[in-house]
Amino acid sequence: MNYVEKIFSVGNLFKNSGNKKKGKKLAIFSVSTIPLVMTLGNSMLIPVLPSMEKEMGITAFQSSLIITVYSLVAIVLIPIAGYLSDRIGRKKVIIPSLILTGIGGLIAGLASWLMEDGYWLILISRALQGIGAAGSFPIVLPLVGDMFHDEDQISGALGEIETANTMGKVLSPVLGSFLAGILWFLPFLTIPLFCLVSIALMILFVKIPKRQNEALPFKLFLKKVMLIFTENGRWLYAIFIVGIVLMFVLFGVLFYLSDILETKYGIINVQKGLYLALPLGALCLASYLTGKLIKKNKVLMKWISFTGCILLGLSIVLLGFSKDLWFLILIFLVGAIGIGASLPPLDSLITAGIEKEERGTISSIYSSMRFIGVAGGPPMVALMMENFEKLMFYLLTGLCVVAALATVLFIKPDQNNN
């Protein structure tokens, strides 16, 4: 009888183990929808900006502000959201933030549809979406750290999260162009639907372990965060610089390519989206493979990020030599591989190098730094395209060199171990 009981108990053990694995996969998938939704909500507007300029009678610089306003608001609020997530819980910050993002998309869509001059209301709604973005995607990194204890699992999960983020970038130009081909403001109105799906998945499948300790009071917490920067400032600041540069170059060049495809080659709608999706697909694949490769090897993380920055810099130098369609696409495809390879190591270094109690705030500050790049890239490129196009490529290349130097000089794998 005991023998039979043992057989059944072993069977249940395997069943429970299988259920746990399935549950973890569902949880990672659910969390992955957050960066996917946030990326779609922002990047899917990039190929649509020239159409918005015509429909609303605005300049290229004004259209770039539709991206920038979203990011500027997020920059300011991300650290606050990170602290709140450490104090009251990740889901209690993420879910209301997704709701705000959906409301912002709805307002922008209705303003575009029902108002003759809805530009300023669109900017206000994008600011509301920026508030939502601040409390959602940046909280994903510490959330993954809470869900897993093993560094290999954390790196693998973060690789999948970053892949979802980059997959959003791949889908964005195609989906945005397709929707805008039906109605130019339709991309705004789809954002609430994406948010609803992500909210449902978060509620159903993401279970966060209970806290071992109570969150610190704000003053003590602030002192501890300041101590973290005192002890780890060199490598943290280096990672922040690299994150800013990668996003600045990515969104700046995407804005440039979107404009060139439409104004020089007459490529619009889904066809334009497919062209832009090629380098972004390479970015996504590089991100996925890197996430699988790095595991907890911090030395490898550093040198992959360095190589990615160099590869990006070389591609930007070459972009300035020709406006031939396939030359532009293929050369930036190489640069996109560099960006995709660099992002998962940066995420893993931040998550593995900071204690769980402060991880939400520190990773949120890092996300805020990335949003600086997102905010700055399109308007800078829009301003320089008219009179300083050659200088623009040299500037972008110089930023890539700065990022590479910051990586090799200041990120010391043996220093970010707590």
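The values are calculated or read from the model by the stated rules, or taken from the named source; none is laboratory data. The structure displayed is predicted, hence computed values, not measured ones. No Cβ is skipped: glycine too gets one built from the backbone with ideal geometry, and neighbour counts run over all protein chains shown. Each accessible area value is taken on the protein alone, full model and side chains, heavy atoms only, with ligands, DNA and RNA left out. Shrake-Rupley method; radii C 1.70, N 1.55, O 1.52, S 1.80 Å.
Each helix, a run of at least 4 DSSP H residues, gives -39500 (n - 2.57); summed and divided by the residues of the chain, these come to -30500 deg cm²/dmol at 222 nm.
Each Lys or Arg adds one and each Asp or Glu takes one away; over the other residues whose Cβ falls under 14 Å from the Cβ of VAL381, this sums to -2. Taking all protein chains as shown and a probe of 1.4 angstrom, TRP326 keeps an accessible surface of around 120 Å². Across segment 296-301, coupling constants 3J(HN,Hα) worked out from phi with the 6.51/-1.76/1.60 Karplus curve, θ = phi - 60°, read 10, 7, 6, 5, 5, 4 Hz, and Gly and Pro carry x.
Using only the alpha carbon atoms of segment 268-418, find the Kirkwood hydrodynamic radius as the inverse mean reciprocal pair distance, in angstroms to one decimal.
On the way: mean 1/r = 0.0600 Å⁻¹.
For segment 268-418, inverting the mean 1/r across all distinct Cα pairs yields 16.7 Å.
In order along segment 258-271, the Karplus-derived 3J(HN,Hα) couplings, from 6.51 cos²θ - 1.76 cosθ + 1.60 at θ = phi - 60°, round to 4, 5, 4, 4, 7, 7, 8, 10, x, 8, 9, 6, 5, 4 Hz, and Gly and Pro are given as x. Rolling a 1.4 Å probe over the heavy atoms of the protein chains gives segment 28-112 an accessible area of 32 Å² per residue. Charges on Cβ only, +1 for Lys and Arg, -1 for Asp and Glu, centred on the Cα centroid of the chain; of ILE154, LEU346, THR39, which one is farthest towards the dipole's positive end? Of the options given, the answer is ILE154. Among the listed pairs LYS264/LYS323; LYS25/LYS298; LYS24/LYS91, give every one whose C-alpha distance is greater than 18 Å. Those over the limit are LYS25/LYS298. When both segment 244-293 and segment 132-177 are represented by their alpha-carbon centers, they are found 18 Å apart. 3J(HN,Hα) along segment 167-184: 4, x, 5, 5, 6, 3, x, 5, 5, x, 5, 4, 5, 5, x, 7, 9, 4 Hz, from the Karplus curve 6.51 cos²θ - 1.76 cosθ + 1.60 with θ = phi - 60°, whole Hz, x for Gly and Pro.
May I ask you to list the GluC sites (Glu not before Pro) in segment 58-163 that are in a DSSP loop and have at most 10 other Cβ atoms within 10 Å of their Cβ? Qualifying residues, ordered by number: GLU116. Sites listed here are trypsin sites (Lys or Arg not before Pro) in segment 299-386 whose DSSP assignment is loop and whose Cβ has at most 12 other Cβ atoms within 10 Å: LYS323.
Which order do LEU325, LEU395 take when ranked by solvent-accessible area (1.4 Å probe, heavy atoms of all protein chains), largest first?
Numbers: LEU325 25, LEU395 75 Å².
Ranking LEU325, LEU395 by accessible area, largest first, yields LEU395, LEU325.
Of the options [x] 1.07; [y] 0.99; [z] 1.14, only one is Rg/Rh (Cα atoms, Kirkwood Rh) as computed from these coordinates, and that is [y].
Which order do LEU175, LEU222 take by accessible area at a 1.4 Å probe, largest first?
Details: LEU175 50, LEU222 75 Å².
These residues rank, largest area first, as LEU222, LEU175.
With coordinates expressed along the principal axes, the C-alpha atoms belonging to segment 240-342 extend over 46, 25, 21 Å, beginning with the largest. Taking amide H atoms as placed 1.01 Å from N in the peptide plane, the amide H of ILE267 lies under 5 Å from those of GLU262, each 5 or more residues away in sequence or on another chain. Per-residue surface analysis assigns PHE61 an accessible area of about 80 Å², computed on protein heavy atoms at 1.4 Å probe radius.
Quick one: pull the percent of accessible area on segment 158-279 belonging to carbon and sulfur, 1.4 Å probe, ligands and nucleic acids left out. Don't jump to the answer; show the numbers that get you there.
Values: 3850 of 5520 Å².
Taking all protein chains in place, segment 158-279 shows 70 percent carbon and sulfur surface.
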